[in-house]
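For reference, the structure is listed below as structure tokens.
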Amino acid sequence: MDRCIPVVVIKNLEETENILSSLIKDSINCAEITFRTECAKDAIALGTKLFPNMNIGAGTVINKEQCIDAISAGAKFIVSPGLSVEVSKVCKENNIPYYPGCVTPTEIMQALELGINVVKFFPANVYGGLKAIKALSGPFPQVRFIPTGGIDKNNLDEYLACDKIFAVGGSFFVKDALEKWGK
């Protein structure tokens, strides 16, 4: 898994190739295409077809149906803003990594009970950021986090330097890549 996970919102299918190729040109080989738009499933299918070596997953997956759609479109990982037992089951059945949003000890314990030890920490800036992640790492040393929300170029290196960080997510990766490489 890449340590930088761009959160990609594709509003029109036609912008898929430009966004993903810009990320690749910016040395980022990963994308979390969110299920916030009507064309998300098609964008994942197109992205995995055009860039078969790119690690393309689905984000903002909030139910079993979206998860099934994302996996059938070729998503290589699933991310949710919260924890869904149903999404977890679908991912496990399909051998697809699932990164649920977990910010409390109770949510983290539920993830561990499901066999999940890498969780999304969202929104990181609202729930205490790196300080909170370090505090949660005390009782949960086996857990690694993907902070998303409030991460930018100013604090990225600080997050990546922490051994409890699996990866860092953010939409700013897309903005930067498009400014440099976009059409």
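The values are calculated or read from the model by the stated rules, or taken from the named source; none is laboratory data. Because the structure is predicted, anything quoted here is derived from the model rather than measured. Cβ coordinates were reconstructed from backbone atoms using ideal geometry, including for glycine residues, and neighbour counts include every protein chain displayed. Note: areas computed on protein heavy atoms with side chains; ligands, DNA, RNA excluded. Shrake-Rupley method; radii C 1.70, N 1.55, O 1.52, S 1.80 Å.
Looking at (1) open to solvent by less than 50 Å² (accessible area, probe 1.4 Å); (2) farther than 21 Å from S27 by Cβ; (3) part of a loop (DSSP other than H, G, I, E, B), which one does I151 not meet, given that it meets all the others?
Of everything listed in (1) open to solvent by less than 50 Å² (accessible area, probe 1.4 Å); (2) farther than 21 Å from S27 by Cβ; (3) part of a loop (DSSP other than H, G, I, E, B), I151 misses just condition (2).
Is there a residue being among the charged types (D, E, K, R), closer than 25 Å to K175 by Cα and part of a helix (DSSP H, G or I) anywhere in the range 26-43? So that I can check it myself, show each step before the final result.
The initial filter retains those residues of the range 26-43 that are among the charged types (D, E, K, R), namely 26, 32, 36, 38, 41-42.
Remaining after also requiring closer than 25 Å to K175 by Cα: 26, 32, 36, 38, 41-42.
Next, from what is left, pick out any that are part of a helix (DSSP H, G or I): 41-42.
Scanning the range 26-43, I find at least one residue that is among the charged types (D, E, K, R), closer than 25 Å to K175 by Cα and part of a helix (DSSP H, G or I), so the answer is yes.
When only residues in the range 154-183 that are open to solvent by 40 Å² or more (accessible area, probe 1.4 Å) and acidic (D, E) count, which is nearest to I78 (Cα to Cα)?
It comes out as D163.
Name the pairs whose Cβ atoms lie under 8 Å apart, with the first residue in the range 121-145 and within 19 Å of A161 (Cβ to Cβ), the second of a type in the set (K, R) and open to solvent by 30 Å² or more (accessible area, probe 1.4 Å), and 6 or more positions between them or separate chains?
Hits for this filter: I133/K164; K134/K164; S137/K164; V143/K164; R144/K164; F145/K164.
When you scan the range 103-121, how many residues do you find that are under 18 Å from T34 (Cβ atoms) and open to solvent by less than 10 Å² (accessible area, probe 1.4 Å)?
Selection size over the range 103-121: 2.
Do the conditions hold for G47, that is, is it closer than 22 Å to K183 by Cβ and either free of Cβ contacts under 8 Å to residues at least 12 places away in the same chain or in contact with a strand residue (DSSP E or B) (Cβ under 7 Å, 6 or more places away or on another chain) (or both)?
Yes, satisfied.
Any residue that is open to solvent by 30 Å² or more (accessible area, probe 1.4 Å), on the phi > 0 side of the Ramachandran plot, of a type in the set (S, T, N, Q) and at pLDDT 95 or above - is there at least one of those in the range 71-86?
No; the residues of the range 71-86 include none that is open to solvent by 30 Å² or more (accessible area, probe 1.4 Å), on the phi > 0 side of the Ramachandran plot, of a type in the set (S, T, N, Q) and at pLDDT 95 or above.
What number of residues within the range 122-148 satisfy the criterion of being buried (at least 19 other Cβ atoms within 10 Å of the Cβ), farther than 21 Å from V174 by Cα and of a type in the set (G, A, S)?
Summing the residues that are buried (at least 19 other Cβ atoms within 10 Å of the Cβ), farther than 21 Å from V174 by Cα and of a type in the set (G, A, S) in the range 122-148 gives 1.
So which of N18, N94 is touching a residue at least 40 places away in the same chain (Cβ under 8 Å), surrounded by fewer than 18 Cβ atoms within 10 Å (Cβ to Cβ) and of a type outside the set (K, R)?
N18
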